Amino acid sequence: MYKNGKYPSVTAVLGILRKPALEWWFKVNTAEFCDAESKKGREVGTIIHSIIQASIEKEEIKFETEYDQEVLMCLNGLTKFKKEHPELKFKRAEVEVTSEKHGFMGHLDCLGEEKKELVLVDWKTGKCDVGKVGKDGLSKEKEIPVIYPEHMYQVAAYVAVHNEQFGTKISQAKVICFAKDKPVYTYLTIHKPVLDRMFQEVFLPALSILKYQQEEENANGYNSKRSGIGSGSKTDGNGGRKSPSLPAGF
């Protein structure tokens, strides 16, 4: 067990990795803009997850939000995806998993089925930057939203832990990113050899680093306060500077 007697989550483990695109986003925008976009991203992402879960479990769908246009765009993207990919059937949503072997936990979005094979599905929301113009006066709009490396590392960990915990043989994962400003989506399939490599060479080393940091904090945390480490800035509980909340899709 780690901090607070719990295993770290997959997202906490990946939180120690650098994210150049996100760092640049924070650099070129104001704190107020980043906070507002982060709030919007979290709420829209949560609603989309809830809608998909309710759809899978055949429950009534209800939600209220001030970001109705963003939610509508994502839903249009979802409708388009389901029409274009009828071969992928969504079977179960929101599955909690724990790896006793490696000591981490997670909450995966969905288990699906394709050609009678179990697959793992993860939802993301992003933006195409519709209407955004660069300093050169040219449009910065993208055709589809971006899927970032950390999204792939995340599903690699989910596949590994699900196979460990339930004895399954999931050999592929799907990352689907719905745009909040355009009725489109990005669809990426990652197969077992790549998933295994990302789990072994990226996720597990990140887990080892986080474990070391937390053990060091638990043993010597009082020294940080005494020596003034982190003075003048808020910390995230792991001795690092606290960044603004990540917007959904990053």
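Springs join every pair of Cα atoms under 10 Å in this Gaussian network model of the chain, and among Ala219, Ala157, Ala173 the largest mean-square fluctuation is at Ala219. In terms of the mean number of neighbouring beta-carbon atoms within 10 Å, the peptides 42-53, 184-195, 136-147 order highest first as 42-53, 184-195, 136-147. Applying the Karplus relation 6.51 cos²θ - 1.76 cosθ + 1.60 with θ = phi - 60° to region 114-125 yields 3J(HN,Hα) values of 9, 6, 6, 10, 6, 10, 9, 10, 10, 9, 9, 10 Hz, where x marks Gly and Pro. The spread of Cα positions in region 19-207, taken along each principal axis and listed from longest to shortest, comes to 52, 40, 26 Å.
Given the Cα-Cα distance of Lys58 and Ala31 and 0.36 nm per residue of separation, how much length would full extension add, in nm? Write out the running numbers ahead of the final one.
Details: separation 27, 0.36 × 27 = 9.72 nm, distance 4.00 nm.
Extra length available between Lys58 and Ala31 comes to 5.7 nm.
Which of His85, His162, His102 has the fewest other C-beta atoms within 10 Å, and how do the rest follow up to the most?
Arranged by neighbour count, lowest to highest, His85, His162, His102 become His85, His102, His162.
With 22 Å as the limit on Cα-Cα distance, the pairs of Lys116/Lys169; Lys115/Lys182; Lys140/Lys180; Lys83/Lys174 that go past it are Lys115/Lys182. Which of rounded, prolate or oblate describes region 22-61 when judged by the alpha-carbon gyration tensor and an a/c cut-off of 1.5? Prolate is the answer for region 22-61, as a/c is 1.5 or above and a/b outweighs b/c. Answer rounded, prolate or oblate for region 34-97, using the Cα gyration tensor with square roots of eigenvalues a ≥ b ≥ c: rounded when a/c is under 1.5, else prolate when a/b is larger than b/c, else oblate. Prolate is the answer for region 34-97, as a/c is 1.5 or above and a/b outweighs b/c.
Every number here is computed from the coordinates shown, using simple stated rules; none is lab data. Keep in mind it's a predicted model, so treat the numbers as computed, not measured. So basically every Cβ, Gly included, is an ideal-geometry build from the backbone, and we count neighbours across all protein chains shown.
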